[in-house]
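Since every read-out is calculated from the coordinates, none of them should be taken as a lab result. Everything numeric in this text was worked out from a predicted model, so none of it was measured. Reconstructed Cβ throughout: ideal geometry from the backbone, glycine too, with neighbour counts over all protein chains shown.
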Amino acid sequence: MKKSTALTLAGLMAISGAASASMSRWNGFGESSLFISDVQDIWTLPGVVASNANATYFEFGNGGSTDYTNFGYNNIANSGNAWGGAHMALGPGVLAIWGGRPWNELSNLMSFSIPNSGIASSSFPTPNQQIDLIYAFAVNDKLTLGIGVNRAVNADTQEYAYSVTEKYEESTNDFGFSLGAEIKGVGPVDLLEVGLQYNMISGVNSANNGGGFTDKVTMGGADMDLRIGGDIKGDKNSFQRVEIGLNTDSLNIKDEPNTAAPSGSFVESKNSALAWNLGWAKGMSNDKGMGLGGFVLTGLSQSKDEAGNFGREVNKTNISNLNLAFVCAGEGKVKDWLTARAGLSSNLFQSNTEVDEYGNAGSMEKDTYWNSGSSNTTISTGLSLNFGDITIDGVLNQDLLYTGTYFVSGIPAGLFSQVSATWAWGGAKE
């Protein structure tokens, strides 16, 4: 599911200040990051920006070496490209500006086909050049609000001057906004956090062969996410965290040639998905570190309707998944300049169902597939190196555990598979 992820344990986690906040720190915890405070929560909880001022964040992307961690959980696409941002105090609040964040909307939709009965391109360019702006401010001692906007685009035009001029154009646009609130002291909940994100995507691939034939493939979709989390303080630095997440996706792709498509041809792909998660964890923290254990229940349903594809009047697929996982994590200071962390996720229950309906009138077929999934335990580890106001975070490359050093195995393996850096301005990490 599109990450409903790491959350603010406010003052409960003294070692997770602005200078130790990054994608690498997040991914070092694996799926346990759902319950752990980090600046990367701003993508699902914009209000978190208010408590992370005056710092610059550098994400160097992922290395090419094999890695066994679960990067997809945290609502950010796995990318080798560099990206980052800066947070600065401005007026009554904090302004966050990020550039190059990997585009990852509509991530719950199954693999779909793109109808194309003409000459337009059958693939849409992935949006890039993403820019995010988020502003968060405290209304009073108990309420903090955050609001954000983001956009990503990609376009390409090709023109060929033969006896006639052929022209092919592709473009994809994504625009979204986010709203967030942090509320202190709601009954037994010390901190209640809410985030809502909505993104719209559109795309057009067009072609003109210069001979009077034109073709256009259009795409339109939307992605909406709701995240709610609450912290409950306990005795002796203990805490509990509850997480609720809901995500809906929709995407329609249609072919529109300037001549009528043959009867029964594949001209439109209709796709939708609904995903949700419930999580609970309990742990303890102090100025030396923290530890937690909990459970995450996730559900996902997807549907695809592509009438006419493969020559079938009816061509539908419905998929549903249910998964219960145990998660645990820990983080602690080894030295003043070194922090280590680890996370574990293990499936306790899994159910996967797929129903396919296809065929023509009088010869319909319905196939149902079910399986209980496979045993899956994921362990991730990471380190933070602290040099004054600069912190380097890394996800440990697990190849290192199997190949040893280059001297022993003859196989080169880097220390980190993902690296991030944070530079706190003027002691902002304190």
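For this structure, a couple of remarks:
- Net charge of the neighbourhood of residue 419, taken over other residues with C-beta under 10 Å away and scored Lys/Arg +1, Asp/Glu -1, is -2.
- Sum of side-chain charges, residue 217 neighbourhood, beta-carbon under 13 Å (Lys, Arg +1; Asp, Glu -1): -4
- Estimated FRET transfer efficiency when R0 is 30 angstrom, pair residue 141-residue 287 (beta carbons, to 0.05): 0.80
- Charge tally around residue 365: other residues with Cβ under 13 Å, Lys/Arg +1 each, Asp/Glu -1 each, net -1.
- Simple spin-label estimate for residue 354 and residue 252 gives 2.6 nm between the two label positions (7 Å along the Cα-to-Cβ direction from each Cα).
- Relative contact order of segment 10-427: 17 percent, from C-alpha pairs under 8 Å at least 6 residues apart in sequence.
- Using θ = phi - 60° and Karplus 6.51 cos²θ - 1.76 cosθ + 1.60, couplings along segment 354-370 (whole Hz; Gly, Pro as x): 10, 10, 10, 10, 7, x, 10, 3, x, 9, 6, 10, 9, 10, 10, 10, 9
- Available extension along the chain between residue 297 and residue 372 is 25.5 nm, counting 0.36 nm per residue and deducting the alpha carbon span.
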